[in-house]
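Engineer: First the structure, then my questions, so here it is.
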Amino acid sequence: MVFDEGAGPASTEPPAGRRAGSGPWQRWGFLTATIVVLTALAGVTAAAAVREPADDEQPLPAASTAEWELWHHQEVLSDLGAWIAALPGIKTSGYVTNINNPEAGSTILVWYGPPDRVQRQIMDEAQRRHIPISIEHRKHSLAALERAVDQLVAIDSGTGVFQNFTVSAVGTLSIDFDGVTVKGDYIHPPAEGVPAADTALARALAALTGVAVEIEHGQIVPV
């Protein structure tokens, strides 16, 4: 199943993928696989437009109906995301982001706090465009998540709460976690073991930032 973060105020910088943070590590938001599909389709179309196949060449395969349907869903969902981004009052509403499922042609509205006029407008517009939409409530607002990331970005690896941790990236949004994700590795193997150390570090970061934090291990290679 392919998911994609919808365009909107959650992504005033590049809406999906990675964005550079302060220091040698990064912040990142949703990673989207949809670009791969769209690139493949564009490659087929562009190559076919450039030249006709020679007599001894096999013609390039046409995109399947399923691929074109996926592309159409992505385009429709992206248009809705652009409409949401331009909606008056969106930045002061409970909107966090929207998570698109191009395979199903549906979207999830990620929301903080009680429903309001802006939420109703988004729901009505999605229905007008015949886009299935549901609401997922979160405990943290977009502003709170961004403040938390700014706090963590300001702490150098090997110092303070990260005294035994090298940070590779910080995730501002996650499909399956309501909070901030810190990715990296321990500088020295923790005496209490990695799971216990992860729990202690996550609790310390949550106390510092006021939002839930999860720890993931590994590195993100800049592209």
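Values quoted throughout were computed directly from the atomic coordinates according to the rules given, and no laboratory measurement underlies them. Please read these numbers as outputs of a predicted model, since none were measured by experiment. Heads up, the Cβs are rebuilt from the backbone with ideal geometry, glycines too, and the neighbour counts pull from every protein chain shown.
Engineer: Can you classify the range 91-223 as rounded, prolate or oblate using the Cα gyration tensor, where a ≥ b ≥ c are the square roots of its eigenvalues, rounded means a/c under 1.5, and otherwise it's prolate if a/b beats b/c and oblate if not?
Structural biologist: Values: a/c = 2.88, a/b = 2.20, b/c = 1.31.
It comes out prolate by the Cα gyration axes.
Engineer: Now for a different question. Report the full-extension gain for the segment Thr92 to Arg117: residue separation times 0.36 nm, less the Cα-Cα distance, to one decimal in nm.
Structural biologist: Length difference between fully extended and current span is 7.9 nm.
Engineer: Another question about this same structure. Between Gln219 and Ile187, with labels modelled 7 Å along Cα→Cβ, what's the label distance in nm to one decimal, could you check?
Structural biologist: Placing both labels 7 Å beyond Cα along the Cβ direction yields 1.7 nm.
Engineer: Let's test the formula: R0 of 30 Å, r as the Cβ-Cβ distance of Ala204 and Ser134. What FRET efficiency results, to the nearest 0.05?
Structural biologist: 0.30
Engineer: Once you sort the root eigenvalues of the Cα gyration tensor of the range 61-125 as a ≥ b ≥ c, which label holds: rounded (a/c under 1.5), prolate (a/b larger than b/c) or oblate (the other case)?
Structural biologist: prolate
Engineer: I would also like to ask the following. Rounded, prolate or oblate: pick one for the range 143-217, where a ≥ b ≥ c are the square roots of the eigenvalues of its C-alpha gyration tensor, a/c under 1.5 means rounded, and failing that, prolate if a/b is larger than b/c, else oblate.
Structural biologist: Prolate shape, in that a/c is at least 1.5 and a/b is the bigger ratio.
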